[in-house]
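One structure below.
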Amino acid sequence: MEGAYQWSAIEKAGAASPGPVMPTSAAPASKRARAGRPPTMAAPRERILAEAAKLFARSGYDGSSVSDLAAAIGVSKAAIYHYFTTKQDIYDAIILAVLNGLTQSVGQDVARAEGAADRLRAFMVGHARYFEQHHAEFVTMLIGYSGMALPEREDAARLRDGYEKRLREVIAQGVADGAFRALDVPATGRAVLSMLNWMVRWYKPGQGDSAETIAAGYFDLLVGGLRA
């Protein structure tokens, strides 16, 4: 189940971290480009990250280049380097954006729910909704994983750990309230995330049921075994 393993591998990313696209000697040129006049592009950083995620999801990190990205957007490589010094920077920004957005979106869904079962359902459905809305970014994070640079790796691990902790709190509160039977909370949390993250392997947006519907089905299947 590589997708689930990639999620947990964020903290170990440094060992496999790819080198920068540009040689060290090219860094001053990149800095000069960033200091110059910005290229004409609507929401440039967001556009670059969105197109890069599609590229990484399709071809993988190592199979993608800044030249490919520039061609996909229709700009020069210099335009990309105005906002991001290396391909690694782009990759790291995608992962951090996914984890930040996921944490905020799902946190809001859980906060609006009442009762342990409803909160767990809100977590699972909210996770699936965000996944579907940011499919390429999730594929990049869970399948196209290629390692992050410090300190971004530490930031990603912190966000991931906080997200997992929130899920465990939802489950543990359900046990404490008597809504769920006594169970191994960490193991149950890992099972929930494995179910959800495995969708990245086979789910195609726009084909068949929505990711939310699938997650709701997972919840119904799971909660039958959790109820006290």
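Does segment 200-217 contain any residue that is surrounded by fewer than 17 Cβ atoms within 10 Å (Cβ to Cβ), in a helix (DSSP H, G or I) and either of a type in the set (Lys, Arg) or under 16 Å from the mean Cα position of the chain (by Cα) (or both)?
Yes, that holds for at least one residue.
In segment 153-165, which residues are within 23 Å of ALA93 (Cβ to Cβ) and not acidic (Asp, Glu)? So that I can check it myself, show each step before the final result.
Taking segment 153-165 first, the residues within 23 Å of ALA93 (Cβ to Cβ) are 153-164.
Hits for segment 153-165 are ARG153, ALA156, ALA157, ARG158, LEU159, ARG160, GLY162, TYR163.
Would you call GLY101 touching a residue at least 40 places away in the same chain (Cβ under 8 Å) and either farther than 24 Å from ALA156 by Cβ or assigned by TED's automatic domain parsing to the domain that holds PRO151 (or both)?
Numbers: touching a residue at least 40 places away in the same chain (Cβ under 8 Å): no; either farther than 24 Å from ALA156 by Cβ or assigned by TED's automatic domain parsing to the domain that holds PRO151 (or both): yes.
Considered against the rule, which asks whether it is touching a residue at least 40 places away in the same chain (Cβ under 8 Å) and either farther than 24 Å from ALA156 by Cβ or assigned by TED's automatic domain parsing to the domain that holds PRO151 (or both), GLY101 comes out as no.
If I go through segment 61-103 residue by residue, how many of them are part of a helix (DSSP H, G or I), within 18 Å of HIS134 (Cβ to Cβ) and either of a type in the set (Ser, Thr, Tyr) or in contact with a Pro (Cβ under 6 Å, 6 or more places away or on another chain) (or both)?
Of the residues in segment 61-103, 2 are part of a helix (DSSP H, G or I), within 18 Å of HIS134 (Cβ to Cβ) and either of a type in the set (Ser, Thr, Tyr) or in contact with a Pro (Cβ under 6 Å, 6 or more places away or on another chain) (or both).
What are the residues in segment 49-60 that are of a type in the set (S, T, N, Q) and either in the same structural domain as GLU137 (by TED's automatic domain parsing) or in a loop (DSSP other than H, G, I, E, B) (or both), if any? Quick ask: steps written out before the conclusion?
The first filter runs over segment 49-60 and keeps only residues of a type in the set (S, T, N, Q), leaving 59.
Once the filter is applied, which keeps residues that are of a type in the set (S, T, N, Q) and either in the same structural domain as GLU137 (by TED's automatic domain parsing) or in a loop (DSSP other than H, G, I, E, B) (or both), segment 49-60 yields nothing.
Hey, any hits in segment 81-94 for a residue that's buried (at least 19 other Cβ atoms within 10 Å of the Cβ) and within 17 Å of GLY162 (Cβ to Cβ)?
no
Would you mind finding the one in ALA78, ALA43 that is loosely packed, with under 12 Cβ neighbours inside 10 Å, among the small types (Gly, Ala, Ser) and modelled with pLDDT of 60 or more?
On the way: ALA78 fails: loosely packed, with under 12 Cβ neighbours inside 10 Å.
Checking each option against the conditions leaves just ALA43.
Which residues, counting only those in segment 101-128, are in contact with a Lys or Arg (Cβ under 6 Å, 6 or more places away or on another chain) and closer than 12 Å to ARG166 by Cα?
VAL110 - this is the single residue of segment 101-128 that is in contact with a Lys or Arg (Cβ under 6 Å, 6 or more places away or on another chain) and closer than 12 Å to ARG166 by Cα.
Among VAL192, VAL110, which is the only one that is surrounded by 22 or more Cβ atoms within 10 Å (Cβ to Cβ), at negative phi and among the hydrophobic types (A, V, I, L, M, F, W, C)? Spell out how you get there, then give the answer.
Working: VAL110 fails: surrounded by 22 or more Cβ atoms within 10 Å (Cβ to Cβ).
That would be VAL192, the only listed residue that is surrounded by 22 or more Cβ atoms within 10 Å (Cβ to Cβ), at negative phi and among the hydrophobic types (A, V, I, L, M, F, W, C).
Considering only segment 69-91, state which residues are under 24 Å from the mean Cα position of the chain (by Cα) and hydrophobic (A, V, I, L, M, F, W, C).
Of everything in segment 69-91, those that are under 24 Å from the mean Cα position of the chain (by Cα) and hydrophobic (A, V, I, L, M, F, W, C) turn out to be LEU69, ALA70, ALA72, ILE73, ILE80, PHE84, ILE90.
So which of ARG153, ARG129, ARG121, ARG160 is surrounded by fewer than 19 Cβ atoms within 10 Å (Cβ to Cβ) and either under 13 Å from the mean Cα position of the chain (by Cα) or in a helix (DSSP H, G or I) (or both)?
Result of the check over ARG153, ARG129, ARG121, ARG160: ARG129.
Under 7 Å by Cβ, and 6 or more places apart or on different chains, what pairs join a residue from segment 210-225 that is without any contact (Cβ under 8 Å) to a residue 24 or more places away in the chain with one that is of a type outside the set (S, T, N, Q) and buried (at least 17 other Cβ atoms within 10 Å of the Cβ)?
none
What do you reckon, is SER59 surrounded by fewer than 19 Cβ atoms within 10 Å (Cβ to Cβ), modelled with pLDDT under 95 and within 17 Å of ILE143 (Cα to Cα)?
Yes; evaluated as a whole, the condition is true for this residue.
The values are calculated or read from the model by the stated rules, or taken from the named source; none is laboratory data. Keep in mind that this is a model prediction, so the values were computed, not measured. So basically every Cβ, Gly included, is an ideal-geometry build from the backbone, and we count neighbours across all protein chains shown.
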